[in-house]
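Report on one structure; see the data block that follows.
The values are calculated or read from the model by the stated rules, or taken from the named source; none is laboratory data. Quick caveat, the model's predicted, so the values are computed rather than measured. Because the Cβ atoms are built from the backbone with ideal geometry, glycine has one as well, and the counts that use them run over all protein chains shown. For accessibility, only protein heavy atoms count, side chains too; no ligands or nucleic acids. Shrake-Rupley method; radii C 1.70, N 1.55, O 1.52, S 1.80 Å.
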Amino acid sequence: MRVLGINAIFHDPAAALVADGRVVAAAEEERFSRRKHGKRPVPYAAWELPELAAAWCLEAAGLRPGDLDAVAYSFDPSLSRDAASLGLDDPWDHLRVDYARRAPQFLAAALPGLDPDQVRFVPHHVAHAASAGLSVTGDSAVLVLDGRGEVASHLAGVYRDGELSVLHTQELPHSLGLLYEELTRHLGFLHSSDEYKVMALASYGRPRFLPMFRDLVRAGGDGGFTVDRIDWAALAKARTADGELTEAHADLAASVQTRLEEVMLDLARWTHDAAGGPATLTMAGGTALNCVANARIAAEGPFDRVWVQPAAGDSGTALGAALAVAGTGAEFTTAALGRGWSDAELEAELRRAGLPYERPASIAAEAARVLAGNGIVAWFQGRSEYGPRALGHRSLLAHPGDPETQRRMNDVKGREQFRPIAPMVRAERFADIFEGVCPSPYMLFVHRVRPHWRDRIPAVTHVDGTARVQTVHPDTEPRVAEMLAEFERHTGLPVVVNTSLNTAGRPMVDTPREAMELFGSAPVDLLAMGPFAVHRGRAFGPVPASAGGAA
Ligand SMILES: [Fe+2]
């Protein structure tokens, strides 16, 4: 069965293709359109489809629209109710429902040859749930924690033999995701986008409003929860995008973050019991990208194993909807489901750009040598990642031992200086340096850095002594593992800084040309593209000290 999954309704439009029980391709529209998050997260943009991502998924599978057995759309307009009756203050919400109803016709226009009758509506949270529960083998409890779907914000369920039983859903307006979005907006950040900045900010604050939030946000003991209206301005002044971040802002972030963790733990415990005590919990929904809360559920919750869908946000519902309609599980073994180029294609791109490139004996060793000399490496390898994290395919790498690395990387990327940067480590070296969930191949948990390592890898140790680690296994990521091993040989450090290959406000690099454009416009010392190396000094001359790079 060949099913194209489509996410279009709220934000992060994406497409995924499942064929014969295998995930052939999955990608977010932003990587093609170069518009961050694909579109604005507003009702009047709900008609916009992931046209480019969908066309590429078909091409990657060698299919035409008429070859599909179904198109799975991750929202079911027949379940919707008007916003006022859901307690939402959103006068344009009906546009979403109108556009969703017409999605079959829109899709048939975007993908000529598609029969609109092939389009199936999948309830939004069933799509999130499937993206998690059908991505692991065996039975699991599943928890979807989201901003909103048609009428709910959460789903607790259990997968047995690939079939979902829903145990509880929490109706709107009560929503942990919308609570976090409101806070994000109040702190002057972009909602449905910058929630991870609020999570980072929280570690700078004291949760002094926690008693109040324990009152305002309550787990009901029945698997659901309530969220009262919150007078944010009474707690801390609203901040504008370029306004100063104060202690009150950090304290507010810390208070909401801590309460979120407590409620998520309660929900996880309830789901465990109601599901009959399975060993595994799977999670999806935008709130499941909160890696601090995920780490607490893994450490303090009742499950042996917690698995979070790397594309936990709405982009992942493209995959989930496709799996749900295909009625198949497909073990998720890599997030590298996007576009890739052969070595010959990469070489042709380098030639066309007129860049002086080399093919060293080992690109991994070459990158490690530059990193050991405190250079910054743009690392473009294999297929691009599905979901918001760079996982060693479209990554910007740097030395973790230099306290200045964080400032340099945030400068290269034009990001706020409080934003932490994350480490990758070979899985076999993890336990020496970090505590917490391992393996952690998708950066969805925070880990404590062991005290005697904190001074050795200051660039990746956050102010609270934690790091958001990606573990790397040589079987699945041989070139990254080799680079890490070589770097350790040079420096004694088994850790490298890994951040996404992009500059401020732009989606992650997807194509070779975008990688070269970034290389030419940021103080990056080496472009490692497939097996090829482009050294900045040879291409453009040395980086001046004022640009923040190393020669
Ligand atoms: Fe969602």
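For the chain, the carbon plus sulfur part of the accessible surface works out to 49%, probe radius 1.4 Å. Put TYR204, TYR180 in order of accessible area, highest first, and with a 1.4 Å probe you get TYR204, TYR180.
Computed on the range 152-294, with alpha-carbon pairs under 8 angstrom and 6+ residues apart, the relative contact order is 27 percent. Suppose we look only past 15 Å in the calculated P(r) of the range 485-524. What percent of the Cα-Cα pairs does that tail hold? Here the long-distance tail beyond 15 Å is 53 percent of all Cα pairs in the range 485-524.
The mean sequence separation of alpha-carbon pairs under 8 Å and at least six residues apart, normalised by the residue count of the range 425-504, gives a relative contact order of 32 percent. Other residues with beta-carbon under 14 Å from the beta-carbon of GLU488 carry, at +1 per Lys or Arg and -1 per Asp or Glu, a net charge of +1. Using a cut-off of 24 Å between Cα atoms, the listed pairs LYS39/LYS237; LYS237/LYS413; LYS197/LYS237 include LYS39/LYS237; LYS237/LYS413 as exceeding that distance.
Counting only DSSP beta bridges with both residues in the chain, the antiparallel share comes to about 70 percent.
At 4 °C and 1.567 mPa s, grab the translational diffusion coefficient of the chain from Stokes-Einstein with a Kirkwood Rh over Cα pairs, rounded to a whole number in µm² per second. Translational diffusion coefficient: 55 µm²/s. Peptides 163-169, 261-267 ordered by packing proxy, namely the average of other Cβ atoms within 10 Å per residue, highest first: 261-267, 163-169.
By DSSP, the beta bridges lying fully in the range 256-405 are antiparallel in about 50 percent of cases.
Take 343-355, 107-119 and order them by the average number of nearby Cβ atoms within 10 Å per residue, most first; the result is 107-119, 343-355. Principal axis analysis of the Cα atoms in the range 348-434 yields extents of 41, 33, 31 Å, listed in decreasing size.
Give the calculated FRET efficiency between ASP69 and VAL42 to the nearest 0.05, with a Förster radius of 35 Å applied to their Cβ-Cβ distance. My answer for the efficiency is 0.60. Dividing the mean sequence gap of close Cα pairs (under 8 Å, 6+ apart) by how many residues the chain holds gives a relative contact order of 15 percent.
Packing, as the average of other Cβ atoms within 10 Å across residues, places the peptides 365-373, 458-466, 522-530 in the order 522-530, 365-373, 458-466, highest first. In whole percents, the pair-distance distribution calculated for the range 149-240 from its alpha-carbon pairs, binned every 10 Å from zero, is 14, 39, 31, 12, 3, 0.
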